[in-house]
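Note sheet for the following structure.
The values are calculated or read from the model by the stated rules, or taken from the named source; none is laboratory data. Everything numeric in this text was worked out from a predicted model, so none of it was measured. Note that each Cβ is placed from the backbone with ideal geometry, even for glycine, and that neighbours are counted across all protein chains shown.
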Amino acid sequence: MAFEEYKAEISLLLSQISGDPGNAHEIQMRLHTLFGTMRAEGLPVPEDLKTLEAELEESFGPAAPKT
C-alpha cells in the first residue's frame, strides 16, 4: 500500500474515533495493526501518530503483545 493510502485510512479512523468515542478501543486495534504494517513495509509512522498510539495504549492497554 502506498503511503498516501495509509494516510487516507488513518484519517478515516481518526474521524471515526472523534465521531464515536465508544468505539475507540476497536479503532485503537485497527490503528495498531495499520502502524505495524507500515513499520513492516519500512514506512515511517509520523511522530504525532506515535504519540496517539501511546496515549491509546495508556487508556486501553496494549492492542496486541509487542513482538
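Quick notes on this structure:
- Yes/no for Met38 being farther than 16 Å from Ala8 by Cβ, of a type in the set (A, V, I, L, M) and surrounded by 13 or more Cβ atoms within 10 Å (Cβ to Cβ): no
- Of all the residues in region 1-29, those that are within 15 Å of Asp48 (Cβ to Cβ) and modelled with pLDDT of 85 or more number 5.
- Residue match in region 30-40 (condition: modelled with pLDDT under 85 and either among the hydroxyl-bearing types (Ser, Thr, Tyr) or part of a helix (DSSP H, G or I) (or both)): no
- Look at (1) farther than 15 Å from Ile10 by Cβ; (2) of a type in the set (A, V, I, L, M, F, W, C); (3) over 13 Å from the mean Cα position of the chain (by Cα) and you find that Ala54 fails only one, number (3).
- Filtered residues of region 1-29 (kept if among the small types (Gly, Ala, Ser), assigned to a helix (DSSP H, G or I) and more than 13 Å from the chain's Cα centre (by Cα)): Ser18, Gly19, Gly22
- Cβ separations smaller than 8 Å between residues 6+ apart or across chains give the following pairs from region 1-28 residues that are under 16 Å from Leu56 (Cβ atoms) to residues that are among the hydroxyl-bearing types (Ser, Thr, Tyr) and surrounded by fewer than 14 Cβ atoms within 10 Å (Cβ to Cβ): Ala24/Ser59; Gln28/Ser59.
- Members of region 41-58 that are outside any loop (DSSP other than H, G, I, E, B) and surrounded by 13 or more Cβ atoms within 10 Å (Cβ to Cβ): Leu49, Leu52, Glu53, Leu56, Glu57
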